[in-house]
Each structure stands twice: as C-alpha cells, then as structure tokens.
Amino acid sequence: MSTLILAMRQPSGVRPLVRVLLAAGMLGLTGCAVGPDFRPPAPPAAQGYAPQAMPSQTAAAADPLGAAQHFDPQRDIPADWWTLFHSARLDALIRRAMQANPGIASAQAALKQAQEYVYAQQGYFYPTVGLSYSPSRQQLAGNMGGNSPGIQGNGTIIQTYQNPAGPAPYNGPVIYTFHTAQLTVGYTPDVFGANRRQVESLRAQADMQRYQLEAARVTLASNIVAAALQEAALRAQIDAVKAMIADSQRALGILQRQLSSGYAMRIDVAAQESTLAVAQQQLPPLERQLQQTRDLLRVLAGNTPDQDVEHFSMDDFRLPQQLPESLPSQLVRQRPDVLAAEEQMHAASANVGVAVAARLPQFSIVGAVGGEASVFNQMFQSGGPFWALVGNVTQPVFDGNTLLHRERAADQALVQAAAQYRQTVLTALQNVADTLHALHADADGMAAAVRAEQAARVTLDLTRKQNTVGYVNLLVLLSAEQSWLQAHIALIQARSQRLGDTAALYQALGGGWWNALPAKDQPAGASPHAGGQS
C-alpha cells in the first residue's frame, strides 16, 4: 500500500486540489473496464417446432367454434391479444386486474427498486463533498504549561488566560475556545472499471425485473382467460346436466303413474330412479368447480371473495381464425422469460469484471480545505487557512486467495447463467411446440366430438319416437339419453379446450407486450412485421 500526503497552510491550496481531482476524474473516465464484454447469445438454429413441417391450418368442424385456424409467421401479436376473443366482459375484467392485482404491484415495486440501485451505484462516479465545523471549549491543566505566555499547537497560537489582578498563579489552569471548519472532497477513480461493471450488472438486473414485470402481466391475462373459459365450460356442463335431471324427473313421474295404473313394471321405475340419481350425482362436483373458479377470478382481479366479478358463458367468446406462428429466432426476442434469462447472464458477465478489478490496485484521493482559530471570525485570516491532499494506492498482496476464488466463483456463475439461458430457450421452444400440437390435435378432436354429438342426438330423437309408439322399452331410451349427455359434455369440453389452446399460443409466443411500448423501447427483433388482426 502506498500513500501520498501533501499538507500545507496556504490559501492558494485550493487550486492544486481542484487540478488533482480533475486529473483523477479524467483517469477514471479513460480507464479500461476489465472482464468480458457481454454479447447477446446467438439465436437458436431451429427453423421450426417439429422435425417435419406442421400443417398451415387446423381441421374444421360444423360448430360455431369449429372454424379452421390458419397460422401465419408474419402475423404480429397485439398487446391486448385477449380482445381477439371478442368478449367485452373479458376485456373489462383483465384491464381492471392489471391495475388491482397485487402480483403486478409487487413486480412494479421490484422494478423500481432495481432502478434505484442503479442510480445509487452511478453516484460513485462522482466525488463526495462534505462540510464540517467543529467548535470546542477546553481547559488545560496548569502543570501542562497553562500559565506560560502562550501555547503553540498545530501552527496556531492559543491565547492564554489573562488574570486582571496580575499574572496567573504558578500551575494555574487555562480555559480557551477553538474553531475548525473544513471542506472535504473525496474521489475514487474507476481506473479498471470496477464501478462501471457494477453499474452494468445492476442495470442488467433492472432490465431483468422489467421483463419479469411483463411476464407477470402476460401470465395474469392468460390465467384470467383460462379461468373465464373454464367457468363458461362448467356453466354449459351444469346446464346440460340440469336439463338431463329435469328430463329424468319427468320420465320418473310418468313411470310412477304408470306403475300405479299397472302399465309399468317396478324394474322400469328402479332403472329410471338410478338414471336420475347418476345425473344428480354429477351436479355437485361441477358446481364446486364453478364456485372455485369464480373464487380464482376474484383473486386474480384483486378482489376479496365477497366482491364479485363478471360472469362468463360460451356465447361470450369467438374463436380467432388467424393465428401467429413466430419463428424460433424471433421467439427468443419476444418471450419475457427468455429476455430475463439473458439479462441474468449479462449481470453475471459484469460481475466477473467486478471480481477481476477487485484483485487490481485501488486508487483514492481525498482533499481538504479549511481554517482553524481560537476566534470564529479569524479562521480564514492570516495563519488560519489550511489545505491537505492525500492520494492512496492499495494493492492486495496476500488474502488467503479470497479474491482469486471469488473471481473463479463469478466465472462459474456466468457458466451457470448461460446454461440456465439455454434451458429457458429450450423450454420456450417446447412450450410453443406443445401448444401447436395441441391446436391441431384438439381441432381434430372437436371435429370428432361434433360428429359424435350429432350422432347421439339423432339416436336419442329416434329412440324417443320409438319409445312413444312402444317399439323400444324405457331402458333403451335411458341408454340413448346417457349417451347423448356424455357426447354433449365432451363437445362442450372440446370447445373450451380449443379456445384455451388459442390463448395458450398467444402466451407461449410472448403475449405481444412489446406492442404496448414506444418504438424506441421495443426489444430488437420482437416484432419485425406488423400483421393484421383477426
């Protein structure tokens, strides 16, 4: 460690202090920043989401929600993608939830906190300036020379105690007042870029929080859409079960009257009672799921359980027919979780530079200008002013390899962050691939569900007519009713699944959050095409 100290009691000392601090500042600005310079990872080499090219459209079905969906790699995603379902209730609920959901508020606070850490670290680029004033009142012991003609200390003559009756007695005490005022300026030149790397790391962490905020918004919207679709499907299933219960109750009433008149057998009544009980048994689980889904919607909207929100039915939704299909190279610039993982790797890269700089010499400069006197208004008169300039260079010589191992730990943290980034990219690609496969498979499943429901409906209608004329017995009719109910519920689930797959695709492709930002703030490559809306 080396220290350079210059101390003089001259009024002109301010000028060399300013010159030295300016020179140190220039040295800090022109110094190099050690450690690796971060470069964004190369986009994945994948050209698609399956070994073979997927069809450009899904299957179609004869159903209000059965239209074929077409995939377009050039189509962009709107920030409010949920409006493509054309549900005013859904739009209103999501907009309120974005303002009231505690998770969004928490993510916003985390972002602001990270930004404040950046601003705080940037303050180290500037000198620190402090003012101090220290008045003191002291009594010197007489046997320390207190009755001598004067006391010389630190270059300042201290006035001795004057006894009006004559000289002070031998070894008599002396009481005096002393004033010191000074301006202190400290500066740490960022010669090897330790502070620049620290700011770089904190800025990357702030960007990571920004992407996590966008991910929270996309996830919130997706969860609300999924819950709204589940509610709509449950209501449709409950209506179907209630209709079946009502039919079974009417049929049971007829059979009971026929039994009393001798036109029906007890086994037929028992069979109908069993059918009614099975239908009634299906209702409570559906109602429980409905109420729990309603509870979820209230919480997502930031409401308490007693504050209700909009109700949803299948008639509230339309199926988007034109869907985006971003390429893998574009996907990594859209997904907020991938971008957050990239910024985490950026922060780890900057921390390597911080660890390297810690092993190199550290520089600091401290300067002070002030005055001292036993009388306040004499501090800056002749003999009172002083200045001091201290330069310090510190080089670690032996620390038990602490700094070396910290540098190696930072290197491994960068390796870990890079591996986590690659894993996040692979998961994102898998997410899109799974959703695309689900869209095609569930479209085929819905077409089959439509055919099955139509066939079951025709069978039920014919069986009812045959039962009316006595061609088939009641057991056959009950079987036909059960088959239709199961087919109808399967169709309802297929409709909901197809709508849910569409919402999942918008989420998997990033949710279009970049389109809510000014053009200058959009991530590079996020939306190279401005596609139309469906």
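Things to note:
- Leading residue by the ranking (nearest to Ala264 (Cα to Cα)) among those in the range 460-474 that are crowded, with 17+ Cβ neighbours inside 10 Å and either touching a residue at least 40 places away in the same chain (Cβ under 8 Å) or of a type in the set (S, T, N, Q) (or both): Leu474
- Considering the range 315-324, and only residues there that are in contact with a Pro (Cβ under 9 Å, 6 or more places away or on another chain) and in a loop (DSSP other than H, G, I, E, B), the residue that is surrounded by the fewest Cβ atoms within 10 Å (Cβ to Cβ) turns out to be Arg318.
- Among the residues of the range 506-519, those identified as assigned to a helix (DSSP H, G or I) and under 16 Å from Thr427 (Cβ atoms) are Gln507, Ala508.
- Which listed residue is farther than 30 Å from Gln282 by Cβ and at pLDDT 90 or above, from Ala487, Ala508, Ala530, Ala443: Ala508
- Residue ID - farthest from the chain's Cα centre (by Cα), chosen from residues in the range 347-369 that are buried (at least 22 other Cβ atoms within 10 Å of the Cβ) and assigned to a strand (DSSP E or B): Gly367
- Some residue of the range 270-278 being touching a Lys or Arg at 6+ places or on another chain (Cβ under 9 Å) and touching a residue at least 60 places away in the same chain (Cβ under 8 Å): no
- Single match in Val390, Val397, Val415 (criterion: over 29 Å from Ala270 (Cβ atoms), surrounded by 13 or more Cβ atoms within 10 Å (Cβ to Cβ) and modelled with pLDDT of 90 or more): Val390
- Condition broken by Arg89, with the remaining ones in (1) at pLDDT 95 or above; (2) surrounded by fewer than 14 Cβ atoms within 10 Å (Cβ to Cβ); (3) within 30 Å of Ala221 (Cα to Cα); (4) not hydrophobic (A, V, I, L, M, F, W, C) satisfied: (2)
- Checked against (1) within 30 Å of Gly510 (Cα to Cα); (2) among the acidic types (Asp, Glu); (3) modelled with pLDDT under 95, Asp239 passes all but a single condition, namely (1).
- Candidate set from the range 294-303 (those that are touching an Asp or Glu at 6+ places or on another chain (Cβ under 8 Å) and touching a residue at least 24 places away in the same chain (Cβ under 8 Å)); member that is surrounded by the fewest Cβ atoms within 10 Å (Cβ to Cβ): Arg294
- Subset of the range 367-402 [in contact (Cβ under 8 Å) with a residue 40 or more places away in the chain and acidic (Asp, Glu)]: Glu372
Residue-by-condition table, conditions (1) assigned to a helix (DSSP H, G or I); (2) in the same structural domain as Arg95 (by TED's automatic domain parsing); (3) surrounded by fewer than 18 Cβ atoms within 10 Å (Cβ to Cβ); (4) modelled with pLDDT of 95 or more:
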{"residue": "Ala270", "(1), (2), (3), (4)": "yes, yes, yes, no"}
{"residue": "Glu273", "(1), (2), (3), (4)": "yes, yes, yes, no"}
{"residue": "Ala277", "(1), (2), (3), (4)": "yes, yes, yes, no"}
{"residue": "Gln280", "(1), (2), (3), (4)": "yes, yes, yes, no"}
{"residue": "Arg288", "(1), (2), (3), (4)": "yes, yes, yes, yes"}
{"residue": "Gln292", "(1), (2), (3), (4)": "yes, yes, yes, yes"}
{"residue": "Ser326", "(1), (2), (3), (4)": "no, yes, no, no"}
{"residue": "Ser329", "(1), (2), (3), (4)": "yes, yes, yes, no"}
{"residue": "Leu339", "(1), (2), (3), (4)": "yes, yes, no, yes"}
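- Residue check for Glu214: of a type outside the set (S, T, N, Q), part of a helix (DSSP H, G or I) and surrounded by fewer than 16 Cβ atoms within 10 Å (Cβ to Cβ): no
- Within the range 397-437, the residues that satisfy the criterion of being assigned to a helix (DSSP H, G or I), over 25 Å from Leu339 (Cβ atoms) and of a type in the set (A, V, I, L, M) are Leu403, Leu404, Ala409.
- Conditions (1) assigned to a helix (DSSP H, G or I); (2) more than 21 Å from the chain's Cα centre (by Cα); (3) over 30 Å from Pro43 (Cα atoms): number failed by Phe312: (1)
The values are calculated or read from the model by the stated rules, or taken from the named source; none is laboratory data. Keep in mind the model is a prediction, meaning the values are calculated, not measured. Backbone-built Cβ (ideal geometry, glycine too); neighbour counts: all protein chains shown.
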